[in-house]
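Data block below; observations after.
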Amino acid sequence: MIKPEKTINGTKWIETIQINAEERATLEDQYGIDEDIIEYVTDNDESTNYVYDINEDDQLFIFLAPYALDKDALRYITQPFGMLLHKGVLFTFNQSHIPEVNTALYSALDNPEVKSVDAFILETLFTVVDSFIPISRAITKKRNYLDKMLNRKTKNSDLVSLSYLQQTLTFLSSAVQTNLSELDRLPKTHFGVGADQDKIDLFEDVQIEGEQVQRMFEIETQVVDRIEHTFNSLANNNLNDTMKFLTIWSLTMAVPTIITGFYGMNVKLPLAGMQYAWMLTLGISVALIVAMLIMLKVWRKM
């Protein structure tokens, strides 16, 4: 979808969302955007990047934003979105139709302090970076809940939820880190050349916000990994205790089986003719079991 043209203080803005082949052709023919650029900026596998074409004086921004697979289960990945300055026109590409990107764009558009296209780009990046924070807080809340539930009783469903949190944190923390690396590089690129004080302040605001988000995800990742490691250790200990109990139980049951097995043979055996021979075999079995348990206790196997 190519939305109607808008203006940002005199600069045209062309917003695109999930464009198809026909709309790609329109961008090539009507606006003169190279096919390779369109392929690049709409590729869902692209990572954060900034490219300046000195010949065309084009600037291309690629950043990563959170994309919800299942908000209720806090399952997120990241998808790229792009902004292209081409022949004095700003083009934005939101091929995955990411809600956070749409919100960021229109928040920057409605901001009265945004008085240039450069400020619009930086304000958009600031809001996109800021959109990671509510997800981090939701992860913290979910992690605290799972921690309490797993302390009471370990359920497979809770362990699966914990695994989902780890996957989400892996995707988002990686995206935050690559975004921050690019934000740190932007002031040194063509985009940052000749920046006035207002633009420098915007650079700093976006970088500070990116660093804050990065720290939040680093801490959350460490805590979730520690919880997962703890419950793996508990599960292994519980399994060891269970195997230990079953081993001791099987040993105690083996003793009477051996004794009664001997006296069940159809041959003459010592004491077999006694009136209370069965009580004797029972007493021998009990005595051997008690002796074995005492030895296991002394040897610290129980």
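At-a-glance table
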{"read-out": "Of the criteria (1) out of contact with any strand residue (DSSP E or B) (no Cβ under 6 Å at 6 or more places or on another chain); (2) open to solvent by 10 Å² or more (accessible area, probe 1.4 Å), which one residue 89 fails", "value": "(1)"}
{"read-out": "Output for segment 2-26, where each listed residue is more than 20 Å from residue 124 (Cα to Cα) and free of Cβ contacts under 8 Å to residues at least 40 places away in the same chain", "value": "20, 21, 22, 23, 24, 25, 26"}
{"read-out": "Test: residue 136 is small (Gly, Ala, Ser) and under 20 Å from the mean Cα position of the chain (by Cα)", "value": "yes"}
{"read-out": "Failed criterion for residue 194 (all others in (1) surrounded by 15 or more Cβ atoms within 10 Å (Cβ to Cβ); (2) not in a helix (DSSP H, G or I) hold)", "value": "(1)"}
{"read-out": "Matching entry among 218, 211, 204 (being over 30 Å from residue 117 (Cβ atoms), surrounded by fewer than 16 Cβ atoms within 10 Å (Cβ to Cβ) and modelled with pLDDT of 75 or more)", "value": "218"}
{"read-out": "Options 58, 29: the member that is without any contact (Cβ under 8 Å) to a residue 24 or more places away in the chain, charged (D, E, K, R) and over 30 Å from residue 161 (Cβ atoms)", "value": "29"}
{"read-out": "Yes/no for residue 51 being touching a residue at least 24 places away in the same chain (Cβ under 8 Å), of a type outside the set (Phe, Trp, Tyr) and not in a helix (DSSP H, G or I)", "value": "no"}
{"read-out": "Which listed residue is open to solvent by less than 80 Å² (accessible area, probe 1.4 Å) and under 18 Å from residue 80 (Cβ atoms), from 31, 40", "value": "40"}
{"read-out": "Hey, residue 278 modelled with pLDDT under 70, of a type in the set (Phe, Trp, Tyr) and at negative phi or not", "value": "yes"}
{"read-out": "Residues of segment 54-77 satisfying the condition of being open to solvent by 70 Å² or more (accessible area, probe 1.4 Å), assigned to a strand (DSSP E or B) and either closer than 16 Å to residue 27 by Cβ or touching a Lys or Arg at 6+ places or on another chain (Cβ under 9 Å) (or both)", "value": "69"}
{"read-out": "Any hit, segment 89-110, residues being touching a Gly at 6+ places or on another chain (Cβ under 9 Å) and charged (D, E, K, R)", "value": "no"}
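Every residue, every condition in (1) without any contact (Cβ under 8 Å) to a residue 12 or more places away in the chain; (2) open to solvent by 20 Å² or more (accessible area, probe 1.4 Å); (3) of a type in the set (A, V, I, L, M, F, W, C), yes or no:
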{"site": "79", "(1), (2), (3)": "no, yes, no"}
{"site": "106", "(1), (2), (3)": "yes, yes, no"}
{"site": "110", "(1), (2), (3)": "yes, yes, no"}
{"site": "119", "(1), (2), (3)": "no, no, yes"}
{"site": "122", "(1), (2), (3)": "no, no, yes"}
{"site": "130", "(1), (2), (3)": "no, yes, no"}
{"site": "134", "(1), (2), (3)": "yes, yes, no"}
{"site": "164", "(1), (2), (3)": "no, yes, no"}
{"site": "172", "(1), (2), (3)": "no, no, yes"}
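The values are calculated or read from the model by the stated rules, or taken from the named source; none is laboratory data. Treat the numbers as computed from the prediction; the structure is a model and nothing was measured. Backbone-built Cβ (ideal geometry, glycine too); neighbour counts: all protein chains shown. Accessible surface is based on the protein model in full, side chains and every heavy atom, while ligands, DNA and RNA are left aside. Shrake-Rupley method; radii C 1.70, N 1.55, O 1.52, S 1.80 Å.
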